[in-house]
Each structure stands twice: as structure tokens, then as C-alpha cells.
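Scroll down for the structure; my scribbles are underneath it.
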Amino acid sequence: MSYVSSMRCKECSREYPVGAFNVCDFCFGPLEVVYDYDAIAEVTSRERIMSGPNSLWRYADFLPADYNPDVDINAGFTPLIRSKGLAEHLGLNELWIKNDSVNPSYSFKDRVVAVATAKALELGFDTIACASTGNLACAVAAHAARGGLKSYVFIPSDLETGKVLGAAIYGPTMIAIDGTYDDVNRLCSELAEEHPWAFVNINVRPFYADGSKTLGFEVAEQLGWRAPMHAVVPSASGAMFTKIYQGLKEFERTGLIDSVQTKMHSTQPRGCCPIATAYEEGRFVIRPVKASSLATSLAIGNPADGYYALKTIEASGGSAVIAEEHEVALGVKLLAETEGIFTEGAGGVAVMGLKHLVELGRIQPDESTVVYITGNGLKTTELVADVVHPLHIEPTVEAFEQAIAASTA
Amino acid sequence: MQRVRFTFLDRLIKEPVIYQMGRDFGVVTNIRRADIQEGIGWVLLELEGEDNEIERALKWVRSLGVRVDPAVSDVVEG
């Protein structure tokens with residue numbers, strides 16, 4: 001059973017009954033889910049969690065929806081890998097990689113959509129929807145397919161086919177919108193008000209966002225029930241960043257782990273870095289930007305949770321760093337070559353952000369650090385297409401030996 | 001009715017844009033929350049009126065250099 005008691009405005013604290021809405025009627029602040037932590041603390045335990053399913057639903061006591069096998073595609077409980085090659089490269093002694101690129105539709109979005117979809121069914125919806133340029137569309141379409149739900153996926157019409165193929169394969173109704181990014185934004189926020197759909201990151205966003213708490217829960221459990229000293233997280237809307245920290249603090253509050261000292265570090269690409277820019281300027285007002293980045297899944301110019309990401313940085317003693325655009329592909333290659341993990345541009349930003357944090361002295365060699373890899377490189381192969389340069393040979397052993405000798409000379 | 005966020009930069013912060021919009025267009029403005037700091041400020045507000053009149057008003061606001069977004073910020077995600 002869920003331990004949700006109500007919904008509450010993050011700005012004015014006005015409380016609301018649980019329902020499919022995300023904005024405070026009074027001050028237009030965002031709503032968040034309120035939990036009865038005393039009740040959760042009564043029932044939860046490390047043993048109870050460890051005996052749960054090998055998916056994010058092992059943390060169901062901390063989620064706003066009940067487990068529903070009809071829409072479950074087994075999101076979450078992805079590997080936490082002790083880094084060797086990347087750690088050596090960066091001079092770190094305890095680096096861990098949270099490889100969330102191996103979720104069912106190949107990104108962390110499966111976590112948020114799993115929770116949003118389960119909640120949507122509880123609230124009586126038969127249709128889920130989203131506006132996306134990639135990963136979110138895949139997760140929504142996949143969960144809808146599993147659950148036999150209708151789904152609508154809105155995309156900008158100039159998006160490359162390859163970016164949305166991973167969503168189209170699941171058979172959603174896909175609508176390509178002619179117009180600018182801002183036009184797509186405006187239309188989708190209007191549609192969300194007019195149609196009886198669960199628009200996963202609009203009217204059911206409070207539940208959707210809480211799916212990302214499991215990225216905090218899992219890391220704590222996989223580290224042997226402790227929080228890391230540092231978390232390095234790629235940021236777009238900022239929601240995942242804030243929810244990882246919330247997850248760690250919820251484990252602390254319910255007695256599952258000791259005091260959380262984790263410093264939260266946000267990483268963004270130069271082509272879209274409104275959160276990092278505000279951090280560097282020492283302000284809490286996000287200046288929206290026109291996003292243009294090779295890390296396409298981070299290209300959110302007006303991040304809904306940017307302000308809260310900045311507050312999380314402040315509360316945790318963390319920071320924000322920027323990876324240059326030319327570093328995006330470098331980071332992808334570095335992770336692949338040192339750890340055997342192929343990530344998308346957002347992962348490249350996380351890796352290069354981590355490198356900068358070490359260079360800046362914000363992370364010391366012996367401090368436990370987790371870097372979050374949230375999406376799979378096979379979706380954005382064009383980013384690193386230049387790595388393909390095979391040795392061309394005639395079909396003879398002699399030609400092979402000559403080519404190898406030449407390449408290693 | 002529309003819920004929007006205006007973001008003002010630099011010199012625009014001192015301009016009475018919302019007052020002028022309500023005066024010159026058939027739009028009722030209702031400010032819900034705002035934050036103004038040096039060099040940047042935003043206002044969350046509700047606009048009531050005919051759809052085409054709201055669109056005309058927002059077009060004028062944008063022409064001044066004010067950024068206009070849905071109140072919930074970006075809904076397109078990666």
C-alpha cells in the first residue's frame with residue numbers, strides 16, 4: 001500500500017488531496033507528494049527491501065503508487081559498478097558508476113514513467129502522453145504497450161527519425177509538430193489541460209518525479225546501506241537531481257542509513273547550462289536559454305526544477321559544473337574505453353563534469369563518489385560516428401599481418 | 001485563461017509591461033508570484049480574456065523582449 005497522505009505546494013505549502021494536477025491553484029507553485037514517514041519507518045527495513053523484486057518496486061513503500069504488474073517492464077535496480085579504468089584515469093580511489101543506461105527502454109526515464117503509469121491507472125486514466133525528443137518518448141510508449149494503454153507522443157517535426165525510432169517501435173500515436181521548440185512546449189501544455197490523459201510530466205508530474213528517488217535508494221542499498229560522499233548527476237529539468245537527494249534523505253529519515261553527507265553536483269553542457277550558470281553567478285533565479293547542445297537529452301532551456309536543483313546544491317554543499325560541447329563526445333568515448341559502457345551525450349557530460357570536479361579539487365581522491373549514467377549510447381550513435389575506422393584488408397593472412405604491423409608501428 | 005511566466009531581463013524590469021498589457025488589450029492580468037533580482041526577474045500570472053486577444057497581447061509582450069513561457073516551464077523533455 002502507498003503511504004501518500006496528500007499533495008502540497010512546494011512554495012506556499014497549501015495542501016491538496018491526491019489527484020492528477022501539478023500546480024497550486026493559489027500561487028502556481030509546483031506540487032509534491034507528501035508521505036507519512038512515521039508510518040513508512042514502522043514497516044520498512046533493509047530485509048523487507050532486499051526481499052522485494054529486482055526492480056524499483058522493491059522501494060514501493062516510498063513511492064506514490066502501488067506495484068502493478070500489468071504495466072511493469074522491470075525498470076530499475078540497474079548495476080552499480082566499482083570503477084577501475086575511469087577511476088585510475090581520474091585519480092580517484094572509490095568511484096562508482098550507476099549504469100542506468102540498461103533500463104528496459106535504455107534510459108532512467110523508465111523509472112519515472114513506471115511510477116507515473118502505475119499512478120495513472122490508479123487515477124482511472126487509459127491514455128498516457130508526453131512531449132519528448134527521445135528517451136521519455138521511448139519509456140512512455142514502452143509502458144503503454146505493456147499495459148495495453150493508448151499513448152500519444154509529441155515530437156518536434158524536425159527531429160531525426162533515428163531519435164524516435166526507439167519509441168515508434170512500440171506503436172504509440174506519434175504527432176510531429178511543425179514549429180519551434182517553444183511552440184511545441186506551448187501546445188503540449190495546452191493539450192494537457194484539454195484532454196483526459198495522463199501527461200506524464202505535466203498533470204501527473206508529482207508522481208512521475210518521485211520515480212527518480214529510486215536512483216538514490218538503489219545507490220545507498222548497493223553501497224552497502226550508506227550514502228556516497230559525492231553524487232555527480234547530469235541535469236536537464238533538474239528534477240532527477242533533486243529527487244536523488246530526496247531519496248537519500250528519506251532513507252536517512254526512516255533509519256535505513258546513517259546521516260547523509262552527500263554533496264550533490266550537477267553537470268550540464270555549455271550549449272544548455274541554465275542551472276550551472278545560475279550557480280556560478282551565485283543566484284537562485286534561472287535565466288532561460290535557447291538550448292543547443294550535442295547532449296540532446298539535456299537540452300531543456302527553461303528547466304522546471306532548476307530553482308530546486310540550486311537549493312539542493314546549497315543544502316548538500318555541492319556544486320555545478322559545465323562540460324564544453326567538444327567534451328560531450330570525449331566523455332562518451334572515455335567511459336566506453338575505460339569501463340566498457342556506451343552512454344549517450346548526457347553520460348559524456350557527467351563523465352567530463354566529474355573530471356572537472358576532480359580538477360577543481362571539489363572531489364578528493366579517497367572520497368566515495370557515484371557518477372550517474374542515465375542513457376544509452378546506441379540511441380545517439382551519430383555523436384561518436386568518427387570512431388568507426390576499421391583496417392581494410394584483402395582476405396589473406398598476409399594482408400592481415402601487414403595491416404596489424406602497420407597499425408601498431 | 002492562460003497561466004504564463006514572464007521573464008524580464010535588464011532594462012525591462014523597470015518597464016510597467018503588465019500594466020500596459022492590461023490597459024491596451026482585452027486581457028485581465030492576475031499576478032500570483034514573482035521574484036525580481038538585479039538584472040533578472042520573473043512573474044507568474046494568469047491571463048483571462050478571449051483567446052485571440054491573449055495571443056495578441058502575448059505577441060506584443062514578446063516584441064518588447066520579454067520571454068513568455070508556460071507557467072509549468074518546459075514540458076518537452078529529452
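The values are calculated or read from the model by the stated rules, or taken from the named source; none is laboratory data. Given the structure is predicted, the values throughout are model-derived calculations rather than measurements. Methodologically, a virtual Cβ is constructed for each residue, glycine included, from the backbone with ideal geometry; neighbour enumeration extends over all protein chains shown.
Scanning the stretch A:120-157 for residues that are closer than 19 Å to A:ALA20 by Cβ, among the charged types (D, E, K, R) and assigned to a helix (DSSP H, G or I) returns a single hit, A:GLU122.
Give the residues of the stretch A:201-213 that are aromatic (Phe, Trp, Tyr) and away from every other protein chain (no Cβ under 14 Å), sorted by residue number. Passing the criteria: only A:PHE207. Just to be sure before I move on: is A:LEU335 touching a residue at least 40 places away in the same chain (Cβ under 8 Å) and in contact with a His (Cβ under 6 Å, 6 or more places away or on another chain) in the structure I sent? Considered against the rule, which asks whether it is touching a residue at least 40 places away in the same chain (Cβ under 8 Å) and in contact with a His (Cβ under 6 Å, 6 or more places away or on another chain), A:LEU335 comes out as no.
On the stretch given as the stretch B:1-16, residues that are in contact with a strand residue (DSSP E or B) (Cβ under 7 Å, 6 or more places away or on another chain) and surrounded by 12 or more Cβ atoms within 10 Å (Cβ to Cβ) total 9.
If you go through the stretch A:333-352 and keep only what is over 25 Å from A:GLU280 (Cα atoms) and under 17 Å from the mean Cα position of the chain (by Cα), you end up with A:ILE341, A:PHE342, A:THR343, A:GLU344.
Among the residues of the stretch A:87-97, is any among the polar types (S, T, N, Q), over 29 Å from A:ALA20 (Cβ atoms) and at pLDDT 95 or above? Yes, the stretch A:87-97 has at least one match.
Residue count for the stretch A:11-60 under the criterion of being buried (at least 17 other Cβ atoms within 10 Å of the Cβ) and charged (D, E, K, R): the result is 3.
A:SER5: closer than 30 Å to A:LEU335 by Cα and either of a type outside the set (D, E, K, R) or in contact with an Asp or Glu (Cβ under 6 Å, 6 or more places away or on another chain) (or both), yes or no?
On the way: closer than 30 Å to A:LEU335 by Cα: no; either of a type outside the set (D, E, K, R) or in contact with an Asp or Glu (Cβ under 6 Å, 6 or more places away or on another chain) (or both): yes.
Against the criterion (closer than 30 Å to A:LEU335 by Cα and either of a type outside the set (D, E, K, R) or in contact with an Asp or Glu (Cβ under 6 Å, 6 or more places away or on another chain) (or both)), A:SER5 does not qualify.
Just a yes or no: is a residue in the stretch A:360-377 out of contact with any Ser or Thr (no Cβ under 7 Å at 6 or more places or on another chain), surrounded by 12 or more Cβ atoms within 10 Å (Cβ to Cβ) and either within 22 Å of A:CYS138 (Cα to Cα) or at pLDDT below 95 (or both)?
Within the stretch A:360-377, one or more residues are out of contact with any Ser or Thr (no Cβ under 7 Å at 6 or more places or on another chain), surrounded by 12 or more Cβ atoms within 10 Å (Cβ to Cβ) and either within 22 Å of A:CYS138 (Cα to Cα) or at pLDDT below 95 (or both).
No other residue among A:GLY166, A:GLY224, A:GLY162, A:GLY216 is assigned to a loop (DSSP other than H, G, I, E, B), more than 10 Å from every other protein chain (Cβ to nearest Cβ) and of a type outside the set (A, V, I, L, M, F, W, C) apart from A:GLY224.
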